[in-house]
Amino acid sequence: MKKVYTLLLTAFVLTGHLAGAQEKPWTLQDCIGYALDHNLSVQRSALQVLQREIDVNTAENNRLPGVHGSASQNFSFGRGLTADNTYANTNTTNTSLSLGADMTLFNGFRLRNNILLSKLNLEAATVDLEKAKDDIRVAVAKAYVQILYNREILAVAQRQIEI
């Protein structure tokens with residue numbers, strides 16, 4: 001995959017220089033910046049870091065108490081049996097409300113360990129992102145140097161033809 005990327009970058013830079021379509025030549029920093037902004041593995045790693053940040057936030061918020069509530073309303077229309085064992089037309093309504101809260105007091109340090117695990121996963125994702133960026137920087141620098149080397153070989157060959 002890296003060889004394909006390097007080949008495409010080399011072709012892209014050479015095509016731009018040969019066609020004269022660029023207003024100014026790309027510097028090494030320009031090439032690295034473009035590659036970092038448009039590389040899918042770097043973008044995927046950045047999204048992974050964001051996901052791990054959300055996981056840390058979720059793990060920390062699991063320590064907070066939970067509150068829940070509900071309400072219901074029932075209506076009944078029609079004939080019903082009364083206490084006198086006779087039928088009567090009655091309309092009834094019933095309303096029910098409930099409110100509850102829960103809080104974990106102790107669960108064997110599971111919450112604390114989940115927070116620590118989430119923070120370690122965030123740190124690992126951040127290191128993976130930096131590694132992906134470093135890999136792209138090295139690949140682009142290698143391709144850039146190879147292009148400069150090839151241009152120098154071309155210039156030497158042209159000078160030898162002129163002699």
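Worth a mention:
- Odd one out for T92, checked against (1) open to solvent by 100 Å² or more (accessible area, probe 1.4 Å); (2) assigned to a strand (DSSP E or B): (1)
- Residue list for segment 83-127, restricted to those being in contact with a Ser or Thr (Cβ under 6 Å, 6 or more places away or on another chain) and of a type in the set (A, V, I, L, M, F, W, C): A88
- Residue among L81, L111 that is closer than 30 Å to T58 by Cα and surrounded by 10 or more Cβ atoms within 10 Å (Cβ to Cβ): L111
- Only one entry of N74, N113 meets the criterion of being without any contact (Cβ under 8 Å) to a residue 60 or more places away in the chain and touching a strand residue (DSSP E or B) at 6+ places or on another chain (Cβ under 7 Å), and that entry is N74.
- Test for L116: is it part of a helix (DSSP H, G or I), aliphatic (A, V, I, L, M) and open to solvent by 90 Å² or more (accessible area, probe 1.4 Å): no
- Of the candidates E123, E130, E162, the single residue that is more than 28 Å from D37 (Cβ to Cβ) and not aliphatic (A, V, I, L, M) is E162.
- Set R52, R159, R63: member being surrounded by 10 or more Cβ atoms within 10 Å (Cβ to Cβ) and outside any loop (DSSP other than H, G, I, E, B): R52
- The condition (being surrounded by 12 or more Cβ atoms within 10 Å (Cβ to Cβ) and of a type in the set (A, V, I, L, M)) is satisfied by just one residue among L105, L129, L99: L129.
The values are calculated or read from the model by the stated rules, or taken from the named source; none is laboratory data. On a predicted model such as this, the values are computed, not experimentally measured, just so you know. Quick reminder, even Gly has a Cβ in these numbers, built from the backbone with ideal geometry, and neighbours come from all protein chains shown. These accessible areas exclude ligands, DNA and RNA; they are computed on the full protein's heavy atoms, side chains included. Shrake-Rupley method; radii C 1.70, N 1.55, O 1.52, S 1.80 Å.
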